[in-house]
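Visitor: Quick one: this structure, given as structure tokens, is what I'll be asking you about.
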Amino acid sequence: MKALCYFTFFLSPFLALGVLYFLYVRLLRVKLRWQALVFALLAIAVGKSLWFSIFGDHMFYPDIASEVVVDAIGCAYSYAMLLAGLALIPPYRWRGRGVVLPVVALLLMVWGSYEALRVPDVVRREIVLPGLPRSFDGLRVAQISDIHCSPAARRHYVADIVETVNALKPDLICITGDFVDGPPSLRYDDLAPLKDLKAPLGVLGCAGNHEFYSNYALWRPIFESWGIRMLDNAHVAFTNGNDVIVVGGVLDKTGTQYRKWDGKSRNGSGGDPAGPLPEDPEMPEFACFDAPDPAVAFSNAPPSTCRILLQHRPINLYTNALNGVNLQLSGHTHGAPLWGTGPLIAAMNEGHAVGLHREEGLSLYVTPGAGQWVGFPIRLGVPSEIALLTLRR
Ligand SMILES: [Fe+2]
């Protein structure tokens, strides 16, 4: 996984530039100086992470005031990467290639960026859970995931999602991780509309990997103060007469690399640049967040024929089933947001990229998520969504 991250963010721009040079720019039937100009512009576009680092202090959550500038950098990057992808398609020497490829890349970029940045549609699904107690039949659960509040998805975007969810009048709201990119010092106001989420059974959440990159130790108490009950290897039970359902949540495994008190990893990255919490002298030097553990999450839970688990990643179905989970709600994959990447994303997540799966005796729903990460700001073929799940016996 780490190797894939390095490939994506450090090697892929160089690889794309190589493809663009040899399979597109060099084959253009124009003078050398025009070729040089085109290549220079593409090199600037591919350098998104560098520009975010230089002008925004961080490659993943740049502190850039203008949403337009962030979106423009993201669109330029997407355009260059799409052009590189198209340039791989043979034949390489037909005459109209120099014009057709950039036009197709532009159309795809406009469409994909619009899909990535727009407020998601509501997708309604029914999920049959044979163990669901009779009085909970028809329970409506709104699942939102992967909002990725960032310089490209600010307060108005989060507020629109909140308004859409509240209008559905769900019984329960579940947020399955990746709320935000950036520490509270940068993103507090943008994410604050989440405190307006309302449902009779409340708002529950579990941490995604990006929470730890964004200093979960600081975000967690903020989420709780907003009325979002964070299930860090914990559960909550809902009763209706003799009927009981239990909803648990687990931490993301990324947390095992991040210290609890200031979010800094062992190698020192991932902290809040605006001011980490003071170190707790009582805490061992490398006390990190716990690993995801469904057994701990459901320990001392009341007897129930229905256990629901919030887990950011759509994995560990076998272990979760052994712990009595009937329904697992996950996100993380973004639904494999580029055509053709489904098998790769599924391979990285134990075969699950998007949608409803029934395995190991449990049901898994993987939502494509409500937002898109600023590091890869494009969606082609898999729209974002707010899921409204109606549970049936
Ligand atoms: Fe995500």
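Visitor: If LEU108 satisfies every condition in (1) under 30 Å from SER185 (Cβ atoms); (2) part of a helix (DSSP H, G or I) but one, which is the exception?
Guide: (1)
Visitor: Looking only at the stretch 336-353, decide whether some residue is touching a residue at least 40 places away in the same chain (Cβ under 8 Å), in contact with a helix residue (DSSP H, G or I) (Cβ under 9 Å, 6 or more places away or on another chain) and closer than 15 Å to GLY177 by Cβ. Lay out the reasoning, then the answer.
Guide: Here is the first cut: in the stretch 336-353, the residues touching a residue at least 40 places away in the same chain (Cβ under 8 Å) are 336-339, 348.
Pick out the ones that are also in contact with a helix residue (DSSP H, G or I) (Cβ under 9 Å, 6 or more places away or on another chain) and you get 336-338, 348.
With closer than 15 Å to GLY177 by Cβ added as a condition, the list becomes none.
Within the stretch 336-353, none of the residues are touching a residue at least 40 places away in the same chain (Cβ under 8 Å), in contact with a helix residue (DSSP H, G or I) (Cβ under 9 Å, 6 or more places away or on another chain) and closer than 15 Å to GLY177 by Cβ.
Visitor: Going residue by residue through the stretch 293-311, is there one that turns out to be assigned by TED's automatic domain parsing to the domain that holds LEU231, within 18 Å of the chain's Cα centre (by Cα) and open to solvent by 20 Å² or more (accessible area, probe 1.4 Å)?
Guide: Looking for residues that are assigned by TED's automatic domain parsing to the domain that holds LEU231, within 18 Å of the chain's Cα centre (by Cα) and open to solvent by 20 Å² or more (accessible area, probe 1.4 Å), one finds none in the stretch 293-311, hence no.
Visitor: Just one of (1) assigned to a loop (DSSP other than H, G, I, E, B); (2) touching a Cys at 6+ places or on another chain (Cβ under 8 Å) trips up SER113, so point out which.
Guide: All conditions pass for SER113, except number (1).
Results for (1) under 26 Å from LEU82 (Cα atoms); (2) surrounded by 24 or more Cβ atoms within 10 Å (Cβ to Cβ); (3) not assigned by TED's automatic domain parsing to the domain that holds SER304, shown as yes or no for each residue.
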position	(1), (2), (3)
ASN323	no, no, no
PRO337	yes, yes, no
PRO343	yes, no, no
PRO383	yes, no, no
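Visitor: Given (1) at pLDDT 95 or above; (2) in contact with a Phe, Trp or Tyr (Cβ under 6 Å, 6 or more places away or on another chain); (3) among the polar types (S, T, N, Q), where does ASN233 come up short, assuming only one miss?
Guide: Checking ASN233 against (1) at pLDDT 95 or above; (2) in contact with a Phe, Trp or Tyr (Cβ under 6 Å, 6 or more places away or on another chain); (3) among the polar types (S, T, N, Q), the one that fails is (2).
Visitor: Inside the stretch 141-231, counting only helices (runs of 4 or more DSSP H) that do not spill past its ends, which hold 1 or more residues that are away from the ligand (no atom under 16 Å from the Cβ)?
Guide: Numbers: elements: 155-167, 184-191, 209-213, 216-225.
Per the criteria, 155-167, 184-191, 216-225.
Visitor: Same structure again: Name every residue in the stretch 94-109 that is within 25 Å of ASP178 (Cβ to Cβ) and surrounded by fewer than 18 Cβ atoms within 10 Å (Cβ to Cβ), in order of residue number. Can you show your working first?
Guide: From the stretch 94-109, those within 25 Å of ASP178 (Cβ to Cβ) are 108-109; that's our starting set.
The answer is none; no residue qualifies.
Visitor: Assigned by TED's automatic domain parsing to the domain that holds GLY205, within 16 Å of the ligand (Cβ to nearest atom) and under 24 Å from LEU168 (Cβ atoms): which single residue out of GLN328, GLN372 fits that description? Reasoning before the result, please.
Guide: Values: GLN328 fails: within 16 Å of the ligand (Cβ to nearest atom).
Only one candidate passes the filter, namely GLN372.
Visitor: Of all residues in the stretch 126-136, count the ones that are in a loop (DSSP other than H, G, I, E, B) and either open to solvent by 70 Å² or more (accessible area, probe 1.4 Å) or on the phi > 0 side of the Ramachandran plot (or both). Show your work before the answer.
Guide: Step one: list which residues in the stretch 126-136 are in a loop (DSSP other than H, G, I, E, B), which gives 129-133.
Still in the list and also either open to solvent by 70 Å² or more (accessible area, probe 1.4 Å) or on the phi > 0 side of the Ramachandran plot (or both): 130.
The qualifying residues number 1.
Visitor: Is it fair to say VAL123 is in a strand (DSSP E or B) and at pLDDT 90 or above? Don't jump to the end; show me each part of the working.
Guide: Numbers: in a strand (DSSP E or B): yes; at pLDDT 90 or above: yes.
It is true that VAL123 is in a strand (DSSP E or B) and at pLDDT 90 or above.
The values are calculated or read from the model by the stated rules, or taken from the named source; none is laboratory data. Everything numeric in this text was worked out from a predicted model, so none of it was measured. Glycine gets a Cβ as well: all are built from the backbone with ideal geometry, and neighbour counts include every protein chain shown. Calculation scope for accessible area: heavy atoms of the full protein, side chains included, ligands and nucleic acids excluded. Shrake-Rupley method; radii C 1.70, N 1.55, O 1.52, S 1.80 Å.
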